[in-house]
Amino acid sequence: MSMKTRKMTLFLLVILFCVTTVFFSTGAAGAKLKKWERKKIELEKDLYYYPRELHENDESIDKHSLDIYYPENSKDRPVMVFIHGGSWSYGDRSWYRLLGYTFAKQGIVTVIISYRLAPDYIYPAQIEDTVHAVNYVFNNISKYGGNPEFIYLCGHSAGAHIVSSIIFNDKFREQLSFEHQKLNGLILISGPFLISEEFIVKEKYSKTVEKVFTENKEVWDDASPFNHVKKIDIPIFIAYAENDWLLAKFQSKIFQKKLIDSGCNSEIKEIKTKNHYSEIVFMQLPEDEMHKEVLNFINTHLKSGE
């Protein structure tokens, strides 16, 4: 990641922090939250999703946790599991509190997970952690008013790579504790789907990739969802920003084409005026285009129920 990109990342993370802080403070934005609280949006924090018998120590226990935002007294609501981005090496569920509340207000039980990060934990740790988190959600979400038959997986950037890896790579999909067809949809936002010298090294992301996937090109091939695409019976929504990274824009388009050519039910959308970072910052606000597109996709593809 270049110095310019790092500065932009830090700048937008500051914006995200400020937006979230203002929202949860007093004043007009605080009044919105109080209105939501009257509607009883509940939060269960720090739920441990990793099987304890597989956990050798507690040093990464916080990254093996998730938060659930849900309307009180709801039942059989659709569920969105959000997997954050951050080049597989930074980020945390705590950065997306506002996203949890806004989608819960829309009637979506929203789960935001954390996972172990590179370089301390390299591929496939991030994907394996997410599989455990999704299994936990499927087995427990009814306690929070969610219907396990109405689950959507949503990932941004590296999170989109993680989601698509779970579904298309056989070795990860087989780790799910349920049939993957039970999922209601995939939401893939500005993901890298093909890890190769042509698309990674040329765009100067090689240092980031090597930190996560090593220098072994066979690992790169295995870690590329593009190489594992097959027909699946799950609706897929792909989005990217008008001012996104060239890599994210191009790979979103070629991944979409591969999905369509394979017989998948997939659609793609360019979100105007936003970039790779602002698209996810503003997705946390109900009036935002990305927020509306995601909500529309969820509601359109509900199998049954509300």
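The values are calculated or read from the model by the stated rules, or taken from the named source; none is laboratory data. For clarity, every value in this text was computed on a predicted model and none was experimentally measured. Glycine also receives a Cβ, built like all others from the backbone with ideal geometry; neighbour counts cover every protein chain displayed.
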Of all residues making up the range 260-306, the number that are in a loop (DSSP other than H, G, I, E, B) and closer than 21 Å to F168 by Cβ: 5
For K143, indicate whether it is without any contact (Cβ under 8 Å) to a residue 12 or more places away in the chain and among the basic types (K, R). yes
Scan the range 104-132 for residues that are under 13 Å from the mean Cα position of the chain (by Cα), under 23 Å from N299 (Cα atoms) and not hydroxyl-bearing (S, T, Y) and report the count. 3
Among the residues of the range 152-167, is there at least one that is of a type in the set (S, T, Y), touching a residue at least 24 places away in the same chain (Cβ under 8 Å), out of contact with any strand residue (DSSP E or B) (no Cβ under 7 Å at 6 or more places or on another chain) and under 15 Å from I298 (Cβ atoms)? no
Counting just the residues of the range 69-97 that are surrounded by 22 or more Cβ atoms within 10 Å (Cβ to Cβ) and either assigned to a helix (DSSP H, G or I) or among the β-branched types (V, I, T) (or both), which one comes out nearest to the chain's Cα centre (by Cα)? I83
For T214, all conditions in the list (1) of a type in the set (V, I, T); (2) out of contact with any Gly (no Cβ under 7 Å at 6 or more places or on another chain); (3) at negative phi hold save one; what is the number of the exception? (3)
Against the conditions (1) at pLDDT 95 or above; (2) in contact with a strand residue (DSSP E or B) (Cβ under 6 Å, 6 or more places away or on another chain); (3) within 21 Å of E128 (Cβ to Cβ), where does W88 fall short? Just the number, please. (2)
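Per-residue answers, yes or no, for (1) at pLDDT below 95; (2) hydrophobic (A, V, I, L, M, F, W, C); (3) closer than 19 Å to T130 by Cα:
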{"site": "L188", "(1), (2), (3)": "no, yes, yes"}
{"site": "F193", "(1), (2), (3)": "no, yes, yes"}
{"site": "V201", "(1), (2), (3)": "yes, yes, no"}
{"site": "K204", "(1), (2), (3)": "yes, no, no"}
{"site": "K207", "(1), (2), (3)": "yes, no, no"}
{"site": "K217", "(1), (2), (3)": "yes, no, no"}
{"site": "S224", "(1), (2), (3)": "no, no, yes"}
Give the residues of the range 116-137 that are closer than 20 Å to D76 by Cα and surrounded by fewer than 20 Cβ atoms within 10 Å (Cβ to Cβ), sorted by residue number. N135
Conditions (1) crowded, with 23+ Cβ neighbours inside 10 Å; (2) among the polar types (S, T, N, Q); (3) more than 20 Å from L194 (Cα to Cα); number of the one not met by N296: (1)
Residues of the range 144-193 classified as more than 19 Å from G86 (Cβ to Cβ), in contact with a helix residue (DSSP H, G or I) (Cβ under 8 Å, 6 or more places away or on another chain) and assigned to a loop (DSSP other than H, G, I, E, B), total: 7
Of all residues in the range 218-259, which are closer than 18 Å to I166 by Cβ, free of Cβ contacts under 8 Å to residues at least 60 places away in the same chain and assigned to a loop (DSSP other than H, G, I, E, B)? S224, K231, D233
Answer yes or no: is there a residue in the range 284-293 that is over 19 Å from H180 (Cα atoms), at pLDDT 95 or above and basic (K, R). yes
Among the residues of the range 251-306, which ones are out of contact with any helix residue (DSSP H, G or I) (no Cβ under 6 Å at 6 or more places or on another chain) and of a type in the set (S, T, Y)? S252, S262, T273, S278, T300, S304
